[in-house]
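Visitor: Sending over a structure as structure tokens; questions will come in a sec.
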Amino acid sequence: MATRRRAGFTLIELLVAITVLAVVAVLGWRGLDGIVRARLALNEQLTQTRGLQLAFAQMESDCAHLAMPALIQNRPALVADDNLLLLVRSVYADDQPSRLQVVTYRVRDGVLTRQESLPTRTLAELDLLWQSALQGNDATPVVALQPGLAAMTIRFWAADRPGWRPTGSAAGGAAVTGTSAAAPRPTGLEVSLLPNAQQQAMVKVFLLGAV
């Protein structure tokens, strides 16, 4: 009596099927890995963009409260250079007289930081706070706003000759004093923050509220 042949796969068919499944698995893994990496990069970029927007919002608020020339008696109200922005702003609180405060933005070791001095009502103390901030000797806490930055560059909008000018130019210069006859105070500020590994910087323009 002839034995019935059992239906099934041969060894070669099994090897071919396993090979095909392995190739599909590798291709699927590579595709999934690419999607995950792209998602992580996108989330990182969104987080950085959100952080830069918050930093710009804080800068805009500080620039909007830039101290009026009459309050500081023609002392410097704003100084800017590469990776540095230093300004004097007016501080208001309920049931209290207005006071003055020195605010410093710096990009150091790839991190954008903000530091504000204690508020004061005396110009003599303001001079000391200004010098301490300018020299980086202020003992007040430093707040890290955004890591992963390559540089911060600043330009002024000059009132005497409309147009953007880099820090250190004749009008507005690196130091904006209160004088308006010889060198009119700029009315605008352009801040560019360049993230690491990117060729294009994020740019924000602020009005200098008290100039």
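Visitor: Fully extended, how many nm does the chain gain between residue 41 and residue 198 (0.36 nm per residue separation, minus their Cα-Cα distance)? Could the numbers behind the result be given before it?
Guide: Details: separation 157, 0.36 × 157 = 56.52 nm, distance 1.28 nm.
Between residue 41 and residue 198, full extension yields an extra 55.2 nm.
Visitor: With the contact rule set at Cα under 8 Å and sequence spacing of 6 or more, what percent relative contact order holds for segment 48-207?
Guide: Values: 318 pairs, mean separation 34.8, N = 160.
That works out to 22 percent.
Visitor: Over all directions, average the projected area of the Cα convex hull of segment 48-207 and note it in nm².
Guide: Details: hull surface 38.5 nm².
Mean projected area for segment 48-207: 9.6 nm², to one decimal.
Throughout, read-outs are computed from the coordinates displayed, never taken from laboratory work. Quantities reported herein were computed from a predicted structural model and do not represent experimental measurements.
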